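The values are calculated or read from the model by the stated rules, or taken from the named source; none is laboratory data. Here the structure is a predicted model, which means the values were calculated and not measured. Here the Cβ is made from the backbone with ideal geometry for all residues, glycine too, and neighbour counts use every protein chain on show. The protein model used for the area step is the full one, side chains on, heavy atoms only, and it has no ligands, DNA or RNA in it. Shrake-Rupley method; radii C 1.70, N 1.55, O 1.52, S 1.80 Å.
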Amino acid sequence: MNKKLLSVALGAAVVGFGAPAAFAGTLDDVKAKGFVQCGVNGSNLAGFGAQDSSGNWSGLDVDVCRAVAAAVFGDATKVKYTPLSAKDRFPALQSGEIDMLARNTTWTASRDSQLGFDFRVVNYYDGQGFMVPKSLNVKSALELSGAAVCVQSGTTTELNLADYFKANGLEYKPVVFEKQEEVDAAYQSGRCDVYTTDQSGLYSIRLSLANPDDHMVLPEIISKEPLGPAVRQNDSKWLDVVTWAHFAMVASEEFGITSANVDEMAKSENPDIKRFLGEEKDQTIGKDLGLDEKWAYNIVKQVGNYGESFERNVGAGSPLKIERGLNALWTKGGLQYAPPIR
């Protein structure tokens, strides 16, 4: 077989194994149609991706979509949301149905390679945990041998569950459902003893139960779940935009720039802040990204910095009351860190 035919055959083989076809030029496509098509959680996961009775979306992941729209269009409202189940999210991105996925999705090696996606930032550092009724009278996941465990299919959660119980010599009965709302209903009705998913999700789901105070999240974290937005591979310009939209939110918190003070901060003589907000003469950061020089200003003004987004969606200003923990800035003992924007 000659080299040309070999290359065609190899390309067909890659597509056959589930990698997406090429969609190079998503940034240009997004600009042409006038909005970002963003895949989000279809199960109304409070704090991350949820739709209210008026049809408005909110959440930490939703703010990633809004930040990208603010960067590209100067308007954070230019987003259309596609609600997706855990099973449907990857085909939707692979096929081009959505431009980006921001749906509490764990960054793993296989998703970054075999599935043909690119991850580059983590907008929430999470870990898998367990929720149980207080009436079960357990204080640790190590006491769960023999339990029926509700879990969603098509997730790393299902794999981590099997690994944890095997590693600790525990037996369990998996009760598996495709949709999150099916898992919620099964746990609420008592079909299983335990609910397992990302710990942030457990806090959200607990609030939706008929009697939240009758349930508790156990202390064990059994996995690393770095959650972040994903795009298709081989589309570096679009990956750059999604990446730096997140970093702009983190950097603005580092600078002490908020949605309330961004106009005043734009008058700063600090060269880093001037450059960040598009006030430095002859700078080309925005142009190099394919954006306006006020791209970061627009994100902060319309969406807020990372701390603002965290607090209103999942932190102290939200019903979830989740502490920053690993999601604090690196200067405060966390892992959130923005490379230099210069």
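A few points about this structure:
- Matching residues, the stretch 191-212, being touching a residue at least 12 places away in the same chain (Cβ under 8 Å) and over 23 Å from Trp107 (Cα atoms): Arg191, Cys192, Asp193, Val194, Arg206, Leu207, Ser208, Leu209, Ala210
- Flag if Ala260 is surrounded by 19 or more Cβ atoms within 10 Å (Cβ to Cβ) and small (Gly, Ala, Ser): no
- Just one of the numbered conditions (1) surrounded by 15 or more Cβ atoms within 10 Å (Cβ to Cβ); (2) under 28 Å from the mean Cα position of the chain (by Cα) is not true of Val138: (2).
- Just one of the listed residues (Ser189, Ser223, Ser208) is farther than 20 Å from Ser140 by Cβ, modelled with pLDDT of 95 or more and out of contact with any His (no Cβ under 8 Å at 6 or more places or on another chain), and it is Ser189.
- The residues on offer are Ala109, Ala70, Ala102, Ala86, and the sole one that is among the aliphatic types (A, V, I, L, M) and farther than 18 Å from Thr156 by Cα is Ala70.
- Inclusion of Lys267 among residues that are over 16 Å from the mean Cα position of the chain (by Cα), over 30 Å from Asn44 (Cα atoms) and without any contact (Cβ under 8 Å) to a residue 60 or more places away in the chain is warranted.
- Ile299, sole failed condition from (1) of a type outside the set (Phe, Trp, Tyr); (2) open to solvent by less than 60 Å² (accessible area, probe 1.4 Å); (3) at negative phi; (4) in contact with a Phe, Trp or Tyr (Cβ under 8 Å, 6 or more places away or on another chain): (4)
- Pairs are defined by a Cβ separation below 6 Å, a sequence spacing of at least 6 or placement on different chains, a first member in the stretch 275-292 that is of a type outside the set (Phe, Trp, Tyr), and a second member that is open to solvent by 60 Å² or more (accessible area, probe 1.4 Å); the pairs so defined are Arg275/Arg342; Gly286/Asp292; Gly290/Lys237.
- All positions within the stretch 164-182 that are surrounded by fewer than 16 Cβ atoms within 10 Å (Cβ to Cβ) and basic (Lys, Arg): Lys166, Lys173
- Residue in the stretch 181-193 that is under 20 Å from the mean Cα position of the chain (by Cα), farther than 16 Å from Leu45 by Cα and polar (S, T, N, Q) present: no
- Meets criteria (open to solvent by 30 Å² or more (accessible area, probe 1.4 Å), at negative phi and more than 13 Å from the chain's Cα centre (by Cα)) for Tyr125: no
- Residue match in the stretch 276-291 (condition: in contact with a Phe, Trp or Tyr (Cβ under 7 Å, 6 or more places away or on another chain) and either of a type in the set (Asp, Glu) or part of a loop (DSSP other than H, G, I, E, B) (or both)): yes
- Scope the stretch 241-257; condition surrounded by 17 or more Cβ atoms within 10 Å (Cβ to Cβ) and without any contact (Cβ under 8 Å) to a residue 60 or more places away in the chain; matching residues: Ser252, Phe255, Ile257
- Subset tally (residues that are open to solvent by less than 30 Å² (accessible area, probe 1.4 Å), more than 27 Å from Leu115 (Cβ to Cβ) and of a type outside the set (A, V, I, L, M, F, W, C)) for the stretch 183-233: 2
Quick grid of which residues meet (1) modelled with pLDDT under 95; (2) in contact with a Pro (Cβ under 7 Å, 6 or more places away or on another chain); (3) closer than 19 Å to Cys65 by Cβ; (4) among the aromatic types (Phe, Trp, Tyr):
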{"position": "Leu277", "(1), (2), (3), (4)": "no, no, no, no"}
{"position": "Tyr297", "(1), (2), (3), (4)": "no, no, yes, yes"}
{"position": "Val303", "(1), (2), (3), (4)": "no, no, yes, no"}
{"position": "Gly307", "(1), (2), (3), (4)": "no, no, yes, no"}
{"position": "Phe310", "(1), (2), (3), (4)": "no, no, yes, yes"}
{"position": "Arg324", "(1), (2), (3), (4)": "no, no, no, no"}
{"position": "Gly333", "(1), (2), (3), (4)": "no, no, no, no"}
{"position": "Pro340", "(1), (2), (3), (4)": "no, no, no, no"}
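- Meeting the requirement of 3 or more residues that are open to solvent by 30 Å² or more (accessible area, probe 1.4 Å) and under 14 Å from Val241 (Cβ atoms), the helices (runs of 4 or more DSSP H) wholly within the stretch 25-122 are 26-33.
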